[in-house]
1. Rg and Dmax of the chain, Cα atoms, in Å?
2. Separation between the residue 37 and residue 69 pseudo-spin-labels, each 7 Å from Cα along Cα→Cβ, expressed in nm?
3. Can you tell me the length gained on complete extension of the stretch residue 90 to residue 122, counting 0.36 nm per residue apart and subtracting the Cα distance?
4. May I ask you to compute the full-extension gain from residue 160 to residue 103, defined as 0.36 nm times their residue separation minus their alpha-carbon distance, rounded to one decimal in nm?
5. Between the alpha-carbon centers of region 47-65 and region 94-150, tell me the distance in whole angstrom.
6. Computing the accessible area with a 1.4 Å probe over protein heavy atoms, can you report the carbon and sulfur percentage for the chain?
7. Given Cα pairs under 8 Å that are at least 6 residues apart, what percent is the relative contact order of the chain?
8. May I ask for the net charge around residue 5, where only other residues with Cβ less than 12 Å from the Cβ of residue 5 are counted and Lys, Arg are +1 while Asp, Glu are -1?
Amino acid sequence: MTLYTTLDSPLGELLLVGEESATAPGGTALVSLSVPDQKGGVTVQDGWRHAPGAFDGITRQLRAYFDGTLTRFSIEYANTVSTRGTGFRQRVWQALESIPYGTTTTYGRIAADIGARGAVRAVGTAIGANPLLVVRPCHRVIAANGALSGYAGGPARKRQLLGLEGAVPNGNTP
């Protein structure tokens with residue numbers, strides 16, 4: 001069954017969507033985390049159940065992240081088509097999860113790291129399809145010139161998240 005809740009955050013009201021899971025802490029595996037007005041963001045669908053308590057562990061981690069006391073998430077993701085993605089997306093998303101808190105990398109570096117030199121646009125497309133904003137840190141990827149482009153939640157939120165983490169790309173103030 002698909003569950004959802006919302007969470008007030010410095011980015012606006014987050015929409016968390018999950019699936020019941022026997023293995024996830026708290027019994028809910030995350031399917032999606034969306035911010036308001038997100039490009040390609042999820043909206044609540046008929047048949048979904050509003051279940052704030054099912055997300056207690058996830059919301060606790062998100063609050064700690066926004067408070068600056070959590071630097072790495074420990075959240076189980078649901079095994080759905082949107083969270084799995086294609087093999088290429090899986091490699092890109094795995095690379096995202098290896099970017100340390102408070103640092104940035106470039107689209108080109110991700111492409112090189114996954115053995116797809118020259119596939120920078122495809123890497124950007126895969127990053128743009130990330131259904132788990134904030135927890136799968138696509139905000140840590142910037143353009144080679146330091147520009148904060150390409151974030152589905154918008155450049156202001158990307159700047160806000162990088163500022164929260166103390167990441168200053170190429171001397172630019174986040």
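1. Over the chain's Cα set, Rg and Dmax evaluate to 15.6, 47 Å.
2. The modelled label-to-label distance comes out at 3.2 nm.
3. Numbers: separation 32, 0.36 × 32 = 11.52 nm, distance 1.25 nm.
Once the chain is fully extended between residue 90 and residue 122, it gains 10.3 nm.
4. Details: separation 57, 0.36 × 57 = 20.52 nm, distance 1.37 nm.
Between residue 160 and residue 103, full extension yields an extra 19.1 nm.
5. 26
6. 49
7. On the way: 276 pairs, mean separation 36.0, N = 174.
About 21 percent, as a whole number.
8. Numbers: positive: 49; negative: 8, 13, 56.
Here the charged neighbours net out to -2.
The values are calculated or read from the model by the stated rules, or taken from the named source; none is laboratory data. This structure is a prediction, so every number in the text was calculated from the model and none was measured. Methodologically, a virtual Cβ is constructed for each residue, glycine included, from the backbone with ideal geometry; neighbour enumeration extends over all protein chains shown. For accessibility, only protein heavy atoms count, side chains too; no ligands or nucleic acids. Shrake-Rupley method; radii C 1.70, N 1.55, O 1.52, S 1.80 Å.
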